[in-house]
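Data block below; observations after.
The values are calculated or read from the model by the stated rules, or taken from the named source; none is laboratory data. Note that the structure is a prediction, hence the values are computed from the model and not measured. Cβ placement follows ideal geometry from the backbone for every residue including glycine, while neighbour counts extend to all protein chains displayed. Note: accessible area is taken over every heavy atom of the protein model, side chains too, but ligands, DNA and RNA are not part of it. Shrake-Rupley method; radii C 1.70, N 1.55, O 1.52, S 1.80 Å.
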Amino acid sequence: MARTLMIDHQACTGCRLCQVVCSVKKEGVSDPSRARIQILMKEMEGVYLPVVCRQCEEPLCAQACPVEAIVKDEATGVVVLDADLCTGCLECIPACPYGGIFWHDDLGKILRCDLCGGDPECVKFCATKAIEWVEGDPARLQKTL
């Protein structure tokens, strides 16, 4: 069985450390806006919601990509973005039903989680275990509002 991220919004404190470590690992700078995970605050409910690619079984973002820059790796099951092929058309962003793909204006590129090659950095630093790396089906493991 594949490993996946499990998100538990009830455990998230909104510290955003996951964003910081993601941006450092992926972009070499401490800048949460460059992270592949974003933390939204639902003010009416008073909760924080980590938003990240859910590695869909049949990724709509890949179907929307006109140049096939987003594909599901058959060997690993991970949905990956080939930045060299990506034209920045942004068709993948509205196609994602979970809001897990982000555009960064200053970088001029799509940001999306690739699970850090099977060793997600965000998990290592999440003190409350709001983000965990577990065995299982992503669709069944996600805890959301």
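Condition check ((1) over 16 Å from A69 (Cβ atoms); (2) surrounded by fewer than 15 Cβ atoms within 10 Å (Cβ to Cβ); (3) not acidic (D, E)) across all residues:
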| residue | (1), (2), (3) |
| --- | --- |
| I93 | no, no, yes |
| F102 | no, no, yes |
| D106 | yes, yes, no |
| I110 | no, no, yes |
| C113 | no, no, yes |
| T128 | yes, yes, yes |
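With respect to (1) of a type outside the set (G, A, S); (2) surrounded by 21 or more Cβ atoms within 10 Å (Cβ to Cβ); (3) touching a strand residue (DSSP E or B) at 6+ places or on another chain (Cβ under 8 Å); (4) closer than 17 Å to P120 by Cβ, the lone exception for C61 is condition (4).
Among the residues of the range 108-139, those identified as outside any strand (DSSP E or B) and aliphatic (A, V, I, L, M) are L115, V123, A127, A130, A139.
Return the residue satisfying two criteria in turn: it lies in the range 27-37 and is in contact (Cβ under 8 Å) with a residue 60 or more places away in the chain and open to solvent by 50 Å² or more (accessible area, probe 1.4 Å), and of such residues it is farthest from V79 (Cα to Cα).
Selected residue: S33.
Here the range 77-91 is the region considered, the condition is being farther than 20 Å from I131 by Cβ and not aliphatic (A, V, I, L, M), and the residue that is most open to solvent (accessible area, probe 1.4 Å) is D84. Pairs are defined by a Cβ separation below 6 Å, a sequence spacing of at least 6 or placement on different chains, a first member in the range 38-59 that is on the phi > 0 side of the Ramachandran plot, and a second member that is outside any strand (DSSP E or B); the pairs so defined are Q55/P138. Residues in the range 33-70 that are more than 16 Å from R16 (Cβ to Cβ), among the hydrophobic types (A, V, I, L, M, F, W, C) and touching a helix residue (DSSP H, G or I) at 6+ places or on another chain (Cβ under 6 Å): L60, C61, A64, C65, I70.
Being over 14 Å from the mean Cα position of the chain (by Cα) and of a type in the set (G, A, S) is the filter; apply it to the range 1-42 and report the residue that is modelled with the lowest pLDDT. Within the range 1-42, the match that is modelled with the lowest pLDDT is A2.
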